[in-house]
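The following block contains the structure, expressed as structure tokens.
Values in this text are rule-based calculations from the coordinates and carry no lab data. Since the structure is predicted, the reported quantities are computational estimates derived from the model, not experimental observations. Cβ coordinates were reconstructed from backbone atoms using ideal geometry, including for glycine residues, and neighbour counts include every protein chain displayed.
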Amino acid sequence: MKEWYQVGKIVNTHGIRGEVRVISQTDFADERYQKGSRLAIADSPNAPMTEVTVASHRRHKNFDLLTFEGYPTINEVQGFKGQYLFVSEDLLRELEENEYYYHEIIGCVVETEEGKVLGKIKEILSTGANDVWVIQRPKKKDLLIPYIEDVVKDVDLETKKVIIHVMEGLIDDEN
């Protein structure tokens, strides 16, 4: 059975020509949403999927706007609102060293260099300069960790563990 990985969420329609507004959840939006790309739309990776081919892609404000072949009007795409976009594992490319897919990082346990467990990565925010990993901590506010060399020291995908260097001011343990 094919594995599917979430790459975005359709949050609304845009205009009347079948365009959908997507909050991207991928490092590779230009590649992932390029004309001719094959994606699937569903409520979850285990739900029945509608496979689509991207007809066009453009950026607008903080969104990716997509149209799909065979869905020329708002009426055809209205039902996709609130659903997720997925890419199949066979369309994932090999990454360079120190590059990771979001699905590989989300769920990893984060520890300090001293071995103190901070929590689990629950989300990745793309800021333009660098990604920010959102660490869910038990009974505390989420912690935001920049994905930069000075902070992230080791990522072990086998054990789903990330080791970070705690720079001054990075952790506010009051909350």
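Which whole-number percent gives the relative contact order of the chain, counting Cα pairs below 8 Å spaced six or more residues apart? If you can, show how the numbers build up before the last one.
Numbers: 345 pairs, mean separation 32.6, N = 175.
The value is 19 percent.
Sticking with this structure for a sec: Rounded to the nearest 500, what is the 222 nm mean residue ellipticity of the chain from helices alone, with -39500 (n - 2.57) per DSSP H run of 4+ residues and division by all residues? Walk me through the intermediate numbers first.
Numbers: 3 runs with 12 residues, N = 175.
After summing the helix terms and dividing by the residues of the chain, the value is -1000 deg cm²/dmol.
Taking 7 Å along the Cα-to-C-beta vector as the label spot, tell me the L144-E104 distance in nanometres, rounded to one decimal.
Output for this residue pair reads 2.6 nm.
Which of the lysines could a cross-linker span from K61 if the Cα-Cα distance has to be under 23 Å and same-chain partners fewer than 8 positions apart are dropped?
In chain and number order, the partners are K9, K35, K81.
Output the Cα-based Rg and Dmax of the range 4-91 in Å, rounding Rg to one decimal and Dmax to a whole number.
Rg then Dmax for the range 4-91, in Å: 11.4, 33.
Could you name the lysines whose alpha carbon sits less than 24 Å from that of K161, not counting residues in the same chain fewer than 8 places away?
Leaving aside lysines fewer than 8 places away in the same chain, those within reach of K161 are K116, K120, K122, K139, K140, K141, K153.
Over the Cα atoms of the chain, Rg to Rh with Kirkwood Rh, two decimal places? Provide the component values of the computation, followed by the final result.
Working: Rg = 18.1 Å, Rh = 17.7 Å.
Dividing the radius of gyration by the Kirkwood radius yields 1.03.
Still on this structure, please answer the following. Hey, got a sec? Which GluC sites (Glu not before Pro) in the range 2-50 land in a DSSP loop and have at most 16 other Cβ atoms within 10 Å? Walk me through the numbers on the way to the answer.
Numbers: sites: E3, E19, E31; in loops: E3.
Filter output for the range 2-50: E3.
Multiplying the sequence separation of M167 and I16 by 0.36 nm and subtracting their Cα-Cα distance, what value in nm do you get? Let's see the in-between values first.
Values: separation 151, 0.36 × 151 = 54.36 nm, distance 4.91 nm.
Stretched fully, the M167-I16 segment lengthens by 49.4 nm.
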